[in-house]
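These notes concern the structure reproduced below.
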């Protein structure tokens with residue numbers, strides 16, 4: 001009986017042990033599965049560093065001055081045998097013009113000049129006809145004036161004669177005696193004759209005045225029009241254009257360099273037509289080249305006019321100073337003078353700017369700082385008790401950025417010290433309060 005009780009107790013103990021082992025295994029497995037899906041984070045701590053603002057940036061050598069190459073507008077380019085960076089001598093070929101198209105342009109200019117010649121001849125002929133017509137009208141007006149003067153004088157003379165006769169009749173009648181009625185009648189006749197004489201004079205003067213004004217109008221100079229002058233100016237402009245086109249035609253459509261230099265820009269292409277602007281730009285060899293470097297707004301803060309910089313061109317290193325800074329499209333462009341006979345337009349170069357650093361007590365990698373809506377913060381790993389024991393979690397700490405460069409960010413946060421584990425990277429996305437695993441500390 002005692003043996004049976006002991007055997008049962010032994011079996012019970014074995015079952016309990018197996019149960020505990022199974023539970024332990026399940027716990028380990030569940031914790032492993034749980035931990036497997038947690039973000040694995042790499043952490044760092046704040047460090048004391050110098051925040052330096054030197055930088056290195058690549059640029060291109062550009063001409064200190066450029067010489068434009070122009071030609072007549074409207075020409076079609078057939079071939080461009082040069083490329084940017086090629087050096088050409090004075091008189092060397094830059095491009096060829098389409099001769100068939102050029103002949104068509106010349107023919108068109110000649111036709112336009114012929115049309116203007118015909119228009120000018122027509123204007124001159126019309127002016128001569130108008131002049132002859134005016135002279136004829138003036139001659140006729142003078143004849144009309146002379147005729148009207150004679151007629152008017154005759155009418156006035158007759159009226160004067162009638163007036164004199166009426167007065168003489170009154171005088172004779174008074175000598176011979178006359179009645180009162182006859183006296184009144186003769187006086188009325190005299191009055192009417194006087195009126196007639198006055199009317200004749202007035203009519204003569206009025207007619208003469210009208211004809212005089214007509215002759216004055218005819219002797220006035222004609223209104224000057226600009227039509228003839230405009231036509232002549234247009235013809236002269238066309239003639240000058242034609243001369244330039246013919247000059248290019250005599251050179252077989254070849255556009256050459258007026259002086260030697262490196263081709264810095266080609267402002268046209270084969271098949272295009274020339275305009276009023278330059279088609280090529282050549283480097284002026286009498287001026288030293290410059291190194292052109294594009295800067296960000298952040299880089300511009302640490303350099304200004306006159307600052308010394310180091311320049312590397314190929315295997316050559318040299319020191320120079322900032323000569324010119326300009327703003328273009330929201331960024332800045334730096335121009336650095338190069339010594340004579342140094343650099344070729346289009347050559348790559350590097351500028352190095354050394355900035356003095358300031359020592360900061362709390363610095364972290366830029367990867368550790370997150371900025372959203374002008375608010376900056378870091379994620380810090382904290383420790384707490386969870387359902388499976390002690391675990392790590394994420395808390396968010398607001399910081400103020402004091403200074404930064406490409407390698408370090410100086411931050412200010414009273415709640416941070418050198419023992420805090422700041423998240424640098426993570427295998428999965430996380431948010432504030434999430435549980436995480438620690439990878440290592442960087």
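The values are calculated or read from the model by the stated rules, or taken from the named source; none is laboratory data. Not measured: the values here are computed from a predicted model. Ideal geometry is used to build each Cβ from the backbone, glycine not excepted, and the neighbour counts take in all protein chains shown.
Across region 245-285, what is the number of residues that are assigned to a loop (DSSP other than H, G, I, E, B), without any contact (Cβ under 8 Å) to a residue 40 or more places away in the chain and either surrounded by fewer than 14 Cβ atoms within 10 Å (Cβ to Cβ) or touching a helix residue (DSSP H, G or I) at 6+ places or on another chain (Cβ under 6 Å) (or both)?
Of region 245-285, the ones assigned to a loop (DSSP other than H, G, I, E, B) are 251-253, 257-260, 267-272, 274-279, 284-285.
Filter again for without any contact (Cβ under 8 Å) to a residue 40 or more places away in the chain, leaving 251, 267, 285.
Filter again for either surrounded by fewer than 14 Cβ atoms within 10 Å (Cβ to Cβ) or touching a helix residue (DSSP H, G or I) at 6+ places or on another chain (Cβ under 6 Å) (or both), leaving 251.
The qualifying residues number 1.
Condition check: outside any loop (DSSP other than H, G, I, E, B) and within 30 Å of residue 118 (Cβ to Cβ). Does residue 239 satisfy that? Walk me through how you get there before you give the answer.
Details: outside any loop (DSSP other than H, G, I, E, B): yes; within 30 Å of residue 118 (Cβ to Cβ): yes.
Answer is yes for this residue.
Restrict the check to region 240-257 and report whether at least one residue is at pLDDT below 90 and within 29 Å of residue 324 (Cβ to Cβ). No, every residue in region 240-257 fails to be at pLDDT below 90 and within 29 Å of residue 324 (Cβ to Cβ).
Got a sec? Which of 66, 110 is under 41 Å from the mean Cα position of the chain (by Cα) and outside the structural domain of residue 278 (by TED's automatic domain parsing)?
Numbers: 66 fails: outside the structural domain of residue 278 (by TED's automatic domain parsing).
110 is the lone residue from the list that is under 41 Å from the mean Cα position of the chain (by Cα) and outside the structural domain of residue 278 (by TED's automatic domain parsing).
Filtered by the rule that a residue be over 39 Å from the mean Cα position of the chain (by Cα) and in a strand (DSSP E or B), region 346-369 gives 358, 359, 360, 361, 362, 363, 364, 369.
Of the residues making up region 218-231, those that are loosely packed, with under 14 Cβ neighbours inside 10 Å and either in contact with a helix residue (DSSP H, G or I) (Cβ under 9 Å, 6 or more places away or on another chain) or not in a helix (DSSP H, G or I) (or both) are 219, 220, 221, 222, 223, 224, 225, 226, 227.
Per the conditions (1) loosely packed, with under 15 Cβ neighbours inside 10 Å; (2) at pLDDT 90 or above, the sole criterion not satisfied by residue 298 is (2).
For region 416-432: of the residues being surrounded by fewer than 16 Cβ atoms within 10 Å (Cβ to Cβ) and in contact with a strand residue (DSSP E or B) (Cβ under 6 Å, 6 or more places away or on another chain), which is modelled with the highest pLDDT? Among those residues, the one meeting the criterion is 425.
Of all residues in region 315-332, those being in a loop (DSSP other than H, G, I, E, B), within 26 Å of residue 84 (Cα to Cα) and under 28 Å from the mean Cα position of the chain (by Cα) number 2.
Each row is one residue, and each column tells you yes or no for (1) outside the structural domain of residue 64 (by TED's automatic domain parsing); (2) assigned to a strand (DSSP E or B); (3) free of Cβ contacts under 8 Å to residues at least 40 places away in the same chain.
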| residue | (1), (2), (3) |
| --- | --- |
| 304 | no, no, yes |
| 310 | no, yes, no |
| 334 | no, yes, no |
| 340 | no, no, no |
| 344 | no, no, no |
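In the set 382, 386, only one residue is out of contact with any helix residue (DSSP H, G or I) (no Cβ under 6 Å at 6 or more places or on another chain) and over 16 Å from residue 420 (Cβ atoms); that residue is 386.
Residue 207 meets each of the listed conditions (1) within 25 Å of residue 134 (Cα to Cα); (2) assigned to a loop (DSSP other than H, G, I, E, B) apart from (2).
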